[in-house]
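Data block below; observations after.
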Amino acid sequence: MNNLINPEPNKVVNRYLTVFQRKTLENTLQKELSEQYRQRILIMLLTDEGKTQSEICQILNCCPATARHWILMAKTGMSHQWQNSPIGRPKTINDQYLDRLQELVNHSPQDYGYAFRRWTGKWLSQHLARELGIEVNERHINRLLHKMGLSTSYHPERPDDSLENTHKCRIIIRDLSSTDLEK
């Protein structure tokens, strides 16, 4: 990827970055970085070379919002903050939240003072928001439960497939003979 940065040595650079900032970013690229951090630095360096947002998105295959943000960082002299912004969306769900969710699902809501017998995603969300202060919508609660192999859906016990039960529920299919019809 380093050949993307200033492949033409006579090309004008340093439109937004100081010589020191540019050199620091180029040196940082030589280190082992995550792809997201590498992308941030490349966006700022390409911006400094005069590339447009759409050109940068094509070259790096990144989304316009990411390019726009790091272009702005380069233009405002904030290139040194490339590692200060966390990567991705902040994680709101922690292990304590997941443990508590699992504990709630394995107990009746009546144990916690509710009148109903089965949890729903909405009630779990509301209960956990009150208890832990983390608001998560009911669809996300259901996704978390699914990942844990749990559900709020009601699944009645399946009758076992013992021989005794099969005789009780057995349907007999046969040809009706004329003697059966007379009865």
Test of understanding: what is the full-extension gain from Gln36 to Gln110, defined as 0.36 nm times their sequence separation minus their Cα-Cα distance?
22.0 nm
According to a simple spin-label model (label point 7 Å from Cα along Cα-to-Cβ), what is the distance in nm between Leu29 and Tyr154?
6.2 nm
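If you take the square roots of the eigenvalues of the alpha-carbon gyration tensor of region 18-88 and sort them as a ≥ b ≥ c, do you get rounded (a/c under 1.5), prolate (a/b over b/c) or oblate? Write out the running numbers ahead of the final one.
Values: a/c = 1.40, a/b = 1.15, b/c = 1.22.
Since a/c stays below 1.5, the shape of region 18-88 is classed as rounded.
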What ³J(HN,Hα) values, in whole Hz, does the Karplus curve 6.51 cos²θ - 1.76 cosθ + 1.60 give for region 68-85 when θ = phi - 60°, with x put for Gly and Pro?
4, 4, 6, 5, 4, 4, 5, 5, 9, x, 9, 4, 5, 9, 4, 9, 7, 7
I want the local charge near Glu26. Using Cβ-Cβ distances under 14 Å, sum +1 for each Lys or Arg and -1 for each Asp or Glu among the other residues.
+3
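Quick note: the coordinates plus some simple rules give every number you see, no bench work behind them. Since the structure is predicted, the reported quantities are computational estimates derived from the model, not experimental observations. Cβ: placed from backbone, ideal geometry, glycine included. Neighbour counts: every protein chain shown.
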